[in-house]
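Notes follow the structure.
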Amino acid sequence: MSMRDAVRIAVEAGDDEQKVRIHDDEGEVEVGDATFRFSVTSSGSDKTEYEDRYQAETESDDGDSLKDDDPRRIAAVDEVPTDGTLRCEAIDGRRGTEFILWREETTVFAWRNSCPHKPEVPLDPGGGAIVTDEHVVCHEHGARFKRGDGVCTSGPCQGKVLDEIEVDVRDGTVYLMDDRFEAGYQLTGSY
Ligand code: FES
């Protein structure tokens, strides 16, 4: 039970009856000379259902509890291209942050979909970023970012680093594991 749900309590003492709705997990109701004290122990003070589920899942060491309907599930690993990128969105509350996935065999890299030279320019404008064997290349002015550490090795923002997004591959599935976000999914279409 989430304590966002009100609980209705009816207390009878002799001829007196008192009905209350409570939104807290403990308190008291006075009826005549009697005082009824209550305390509700439940799974979750003021947490949402999602927060309860997220906590249960992240408390697992081996991640076995990650499920197909996990809000952090992004894609099957073989959906992530090796010759381009997959555009995705990570959610923090109501804010969405675009990021891209790029794969080398079973290793998946993820960065914010934003060029450090001009943050408003997406590396992947839809349909995939330009990639070479070792680099993601910004389509705007040609900055090249090394696979692995995301450092710009040439171009107008040389030395700057792409903002890495933490993901993990488990059982052939890519999950968003970055603490800054609570959910993620693939985007479709272009700008
Ligand atoms: S906007 Fe990416 S290199 Fe200039």
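Taking the range 75-191, how much of its Cα-Cα pair set, in percent, is spaced more than 17 angstrom apart? Don't jump to the answer; show the numbers that get you there.
On the way: 3416 of 6786 pairs.
Of all Cα-Cα pairs in the range 75-191, 50 percent lie more than 17 Å apart.
Give me, ordered by chain and number, the residues 5 or more places off His135 or on other chains with an amide H under 5 Å from its own placed amide H.
Close amide H contacts, sequence-distant or interchain: Arg147.
What ranking do Glu104, Glu120 get, fewest neighbouring Cβ atoms within 10 angstrom at the top?
Details: Glu104 13, Glu120 7.
Going from sparsest to densest Cβ surroundings: Glu120, Glu104.
So, in nm, how far is label Val121 from label Thr153 when the simple model puts each one 7 Å beyond its Cα toward the Cβ?
Those two pseudo-labels are separated by 1.9 nm.
Which part of the range 112-142 falls in the paramagnetic zone of Leu187, meaning amide N under 14 Å from the point 7 Å along Cα-to-beta-carbon?
Answer for this model: 112-115, 119-129.
Subtracting the Cα-Cα distance from 0.36 nm times the residue separation, let me have the gained length for Asp163 to Asp78 in nm, one decimal. Each step should come with its number before you reach the end.
Numbers: separation 85, 0.36 × 85 = 30.60 nm, distance 2.32 nm.
Stretched fully, the Asp163-Asp78 segment lengthens by 28.3 nm.
Laboratory data are not the source of any read-out in this text; all were calculated from the coordinates shown. No experiment lies behind these values; they were computed from the predicted model shown. Please note: Cβ atoms are built from the backbone with ideal geometry, for glycine as well, and neighbour counts cover all protein chains shown.
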